[in-house]
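Take a look at the structure below.
The values are calculated or read from the model by the stated rules, or taken from the named source; none is laboratory data. All of these numbers come straight from a predicted model, not from anything done at the bench. Neighbour counts run over all protein chains shown; Cβ positions are idealised from the backbone, glycine included. These accessible areas exclude ligands, DNA and RNA; they are computed on the full protein's heavy atoms, side chains included. Shrake-Rupley method; radii C 1.70, N 1.55, O 1.52, S 1.80 Å.
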Amino acid sequence: MSALLEVRNLKVHFPLKHGMFSRVRETVKAVDGVSLHLAPGETLGLVGESGCGKTTLGRAIVRLVEPTAGDILLEGDDLLKMSGATLRARRRTFQMIFQDPYGSLNPRMTVEQIIGEALDIHHLVDSAAARRKRVFELLADVGLESAYAQRYPHEFSGGQRQRIGIARALAVEPKLIVCDEPVSALDVSVQAQIINLLADLQQEHGIAYLFIAHDLAVVEHISRRVMVMYLGRVVELAEAKEIIRTPLHPYTQALISAVPEVDPATQRQRIVLPGDVPSPIHPPAGCPFHPRCPIAEARCRTEVPPWREISKDHWTACHLAGAPAAARA
Ligand code: SF4
């Protein structure tokens, strides 16, 4: 199947200036050469610790932050070569749902105004009556009563606010939604409801999701494939079940060991990584994971591990992945 979204070697580097008039001395490499593809109607999960660059990657894909280099192809067209009216028109195709639904909803607007604004911007309705009817339909799609249309965001619970954010994203009939930690601020019971809602909407409308989360258990439920990021780079990619059962990269193994309920049959001993994630201003040479890796060897400190397919559709960047256990001793 041809890709809906193809990202090639994307970099997002932020210059750091010291003092008002000084030159750029350092660079934060938030995203450092990420490639991915997403088929129509597919969900790709994107996981990693806070600060690994996953949110910046999501924001760059929807053009909320400017990439430094790379390509973002949506249905074959390069979003980075678009600007002005062309980009605004194309924004209808891709939307974003945010972690903090309250912060992303204008507190001075009613729900009808919030959702209706998206319809107006893209000229999707031609009268006030049609606008109201469409808002009611969208509220029903996300499980909210039409009576809620005249209320303000502060009158809703966190789960209801996330439903409003989803209705706003759906209003423009997107083909891709970047979901940035959409359930991490919600209670566990509400998390399941929102994930089920997103899955139902995907079935109904054929929307593709890039689903960003720090919790592998959440991502596994909704994703066909899962991609793991560390320090601005992708370290592993495989089908969701495969990556949970047979993680190849030591970082993924540590993430999975911290979530025993993911698959009790394959429950492993908890792997506690030493130290913190290094600064993306001065990432370590060689494999960026080597200062924390329990099986690092000499070459890991100098040689960047290549991105390799170890078994069918299971990719990772680790010198020792696929090597016999004896070779790791
Ligand atoms: Fe660990 Fe070396 Fe593999 Fe990096 S390349 S994950 S340091 S074994």
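At-a-glance table
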| item | result |
| --- | --- |
| Selection from segment 180-195 of residues that are polar (S, T, N, Q) and at pLDDT 90 or above | Gln191, Gln193 |
| Matching residues in segment 147-175 - criterion: being more than 25 Å from His37 (Cα to Cα), among the basic types (Lys, Arg) and assigned to a loop (DSSP other than H, G, I, E, B) | Arg151 |
| Scope segment 225-244; condition among the small types (Gly, Ala, Ser) and within 14 Å of Leu255 (Cα to Cα); matching residues | Ala240 |
| When residues of segment 268-305 are limited to those that are surrounded by fewer than 17 Cβ atoms within 10 Å (Cβ to Cβ) and closer than 17 Å to Pro247 by Cα, the one modelled with the lowest pLDDT | Arg268 |
| All strands (runs of 3 or more DSSP E) inside segment 43-120 with 1 or more residues being open to solvent by less than 30 Å² (accessible area, probe 1.4 Å) and of a type in the set (Ser, Thr, Tyr) | 43-47 |
| Flag if Leu144 is open to solvent by 40 Å² or more (accessible area, probe 1.4 Å), assigned to a loop (DSSP other than H, G, I, E, B) and of a type in the set (A, V, I, L, M, F, W, C) | no |
| Yes/no for His319 being surrounded by 14 or more Cβ atoms within 10 Å (Cβ to Cβ), without any contact (Cβ under 8 Å) to a residue 12 or more places away in the chain, near the ligand (Cβ under 8 Å from one of its atoms) and over 19 Å from Lys11 (Cβ atoms) | no |
| Criterion (over 16 Å from Pro174 (Cα atoms) and modelled with pLDDT of 90 or more) met by exactly one of Thr43, Thr68 | Thr68 |
| When residues of segment 270-310 are limited to those that are in a strand (DSSP E or B) and free of Cβ contacts under 8 Å to residues at least 40 places away in the same chain, the one farthest from the ligand (Cβ to nearest atom) | Glu309 |
| Verdict on Ala265 being modelled with pLDDT under 95, open to solvent by 80 Å² or more (accessible area, probe 1.4 Å), more than 17 Å from Asp32 (Cβ to Cβ) and within 15 Å of the ligand (Cβ to nearest atom) | no |
| Residues (acidic (Asp, Glu) and modelled with pLDDT of 95 or more) located in segment 121-154 | Glu137, Asp141, Glu145 |
| Neighbours by Cβ (under 6 Å, 6+ apart or cross-chain): first from segment 131-147, under 18 Å from Glu204 (Cα atoms); second of a type in the set (Ser, Thr, Tyr) | Phe136/Ser146; Leu139/Ser146 |
| Check on Thr110, in contact (Cβ under 8 Å) with a residue 24 or more places away in the chain, farther than 25 Å from Gln202 by Cβ and of a type in the set (Val, Ile, Thr) | yes |
| Options Arg25, Arg88, Arg63, Arg92; residue that is of a type in the set (D, E, K, R), in contact with a helix residue (DSSP H, G or I) (Cβ under 7 Å, 6 or more places away or on another chain) and at pLDDT below 95 | Arg63 |
